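Okay, so here's the structure we're looking at.
The numbers here are math on the coordinates, done by the rules we state, and not lab data. Given the structure is predicted, the values throughout are model-derived calculations rather than measurements. Note that we place each Cβ from the backbone using ideal geometry, even for glycine, and neighbour counts take in every protein chain shown.
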Amino acid sequence: MCASAARPVVSHFQQVEDGRGHDARGAINMGFVMDPNKCASNGNGTCEKARSETEKDDYDPFSEREVSRQYSNLGAFFHLLKGGLGSGIMAMPMAFSHSGLILGVVGTIVTGIVCTHCMVILVRSAQTLYFRLRIPTLGMGETAEAAFANGPKRLRPLATFARNFVKLSLFFCYAMSMSAYIVAIGSSVQQMVEQHSHKDILDQRIYIVALMVPLIPMCQLRLLKHLVPCSFIANSCIVAGLGITVYYIFHELPDPESRRFGVKDIQGMPIFFSTALFAMEGIGSVMPIENTMKNPRKMTGWTGVMTLAMTCIVALFACVGFLGYLKFGDNTLGNIALSLPTEEIPAQVVKVLIGVAILFTVPVQYFVCAEILWSYISPYVTPARHRLGEGVTRAVLIICCMVLAVAIPDLDLIISLVGAIFFSALGIFVPAAIELVVDWETSDRATRFGLAGKNGALIAVSVFTAVSGVYAALYEAVYKPEAQPSP
């Protein structure tokens with residue numbers, strides 16, 4: 001992922017139409033690299049659309065990719081696994097506290113199936129566009145733009161809107177996730193301070209504001225190679241913290257009969273699905289990984305890399321959610337580490353490890369968010385002031401995330417809102433819309449009926465999840481003090 005001003009796919013199509021030739025530079029957008037467009041003109045000013053992977057064609061997009069940094073199938077599997085197994089797994093017990101044990105397991109599996117299917121159709125749609133447009137790689141934003149630019153004529157004017165919708169959804173998704181991370185770190189620090197001081201010293205918001213001291217310089221890292229140590233530290237701390245947490249979970253595990261098997265009220269399931277989407281949705285990492293695979297055709301399918309990785313992720317998330325709720329019950333907090341007994345040393349170690357893990361996760365997750373914002377601001381900044389402008393932009397952005405965390409220091413609420421609004425849009429709505437547009441004109445009437453039915457259902461699920469999730473999360477936030485029993 002690199003920083004550069006991106007040229008939209010549509011503008012390239014317009015250049016071909018005007019006969020001005022090709023841009024020799026690669027377009028880089030929202031952190032996802034797209035190689036130079038190679039769009040064949042068919043004589044009447046539009047790009048060829050007739051290419052499908054099953055048809056004979058001497059053009060192979062996969063052979064034209066950069067070969068120096070390609071992942072094997074195993075490497076791609078572990079990258080997908082690492083992308084899915086972030087700090088969101090610590091929120092799964094809280095999700096189960098809204099759904100109950102049985103519905104939680106079923107809901108996690110259903111959510112995993114929907115997420116996996118949407119990732120698969122996104123990759124397949126992008127690969128169809130590779131052959132159709134003779135382009136070796138596309139990012140998620142460029143895939144949306146190219147799909148609409150070459151779809152049904154009535155939808156082509158929406159191409160630029162589609163790209164901006166994906167970019168802005170990614171931006172707000174990552175920005176609000178930063179706020180959730182900041183709240184989680186602040187809560188961990190507050191618990192540790194209060195445990196050792198034996199009294200409430202400061203409001204949680206003070207700890208959140210104090211986090212700007214390390215976060216502002218950490219978020220100035222602009223090269224991916226500088227973020228590798230952050231990723232390594234975060235992953236190591238999460239694994240260690242999760243290991244100690246598992247010990248606590250299995251120590252004196254209660255009888256399952258003492259816990260609910262289903263929801264306690266109607267608001268439970270929307271909050272569960274929103275939280276599960278926040279925890280396991282990894283749609284943003286799919287296209288960058290696919291773009292760097294040695295054998296991208298192995299990405300999808302029943303035994304594909306993505307299916308195997310998501311199966312492992314869903315199984316692990318279901319286990320952590322089930323056992324975490326079984327252990328802590330309805331008093332489970334948004335981060336399971338916060339539910340551990342604060343007076344015990346191993347539990348304090350977990351809180352420190354998870355706090356450090358999230359702290360070093362922030363600059364990694366922040367990278368894409370900052371790149372998207374800078375791509376909109378940089379055209380208005382003179383080249384001589386680009387470095388200063390980008391630094392100020394990054395500082396202001398993380399401060400804005402902090403302000404949101406101070407305004408809403410409720411981890412459960414932020415997680416539910418981000419999952420309901422942005423992950424349902426990016427993870428379900430966008431892939432369904434892209435597949436519908438890409439395959440519509442090349443499908444017969446019967447296939448169109450099935451395509452519209454299936455993707456229409458996914459879009460409806462996305463909209464319902466967003467509306468019901470937001471309502472349920474806000475309702476829970478307003479009435480939680482009365483509804484939650486005291487421990």
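For the reader, a short list of remarks on this structure follows.
- By other beta-carbon atoms within 10 Å, ranking Phe261, Phe77, Phe96, Phe148 with the fewest at the front produces Phe261, Phe77, Phe148, Phe96.
- Taking other Cβ atoms within 10 Å as a rough exposure proxy, Cys319, Cys401 sort from fewest to most as Cys319, Cys401.
- Normalised convex hull volume, the chain, alpha-carbon set, Å³ per residue: 153
- Degrees between helix 101-133 axis and first principal axis of the chain (Cα, 0 to 90, nearest 10): 20
- Low-density loop cleavage sites - trypsin sites (Lys or Arg not before Pro) in region 146-234, where at most 16 other Cβ are within 10 Å (DSSP): Lys199
- Protection-proxy order for peptides 278-285, 127-134, 155-162, 101-108, each taking the mean of Cβ atoms within 10 Å per residue, highest first: 278-285, 127-134, 101-108, 155-162
- Proxy reagent accessibility, fewest Cβ within 10 Å first, across Phe62, Phe273: Phe62, Phe273
- Per-peptide packing, taken as the mean over residues of other Cβ atoms within 10 Å, places 211-218, 87-94, 459-466, 358-365 in the sequence 87-94, 358-365, 459-466, 211-218 from highest down.
- Spatially, region 381-415 and region 272-292 are offset by 23 Å when compared through their Cα centroids.
- Computed helical MRE - 222 nm, the chain, DSSP H runs ≥ 4 contributing -39500 (n - 2.57), nearest 500: -22000 deg cm²/dmol
- Segments 390-400, 116-126 sorted - mean Cβ within 10 Å per residue, highest first: 116-126, 390-400
- Cα centroid of region 190-238 to Cα centroid of region 140-159, whole Å: 41
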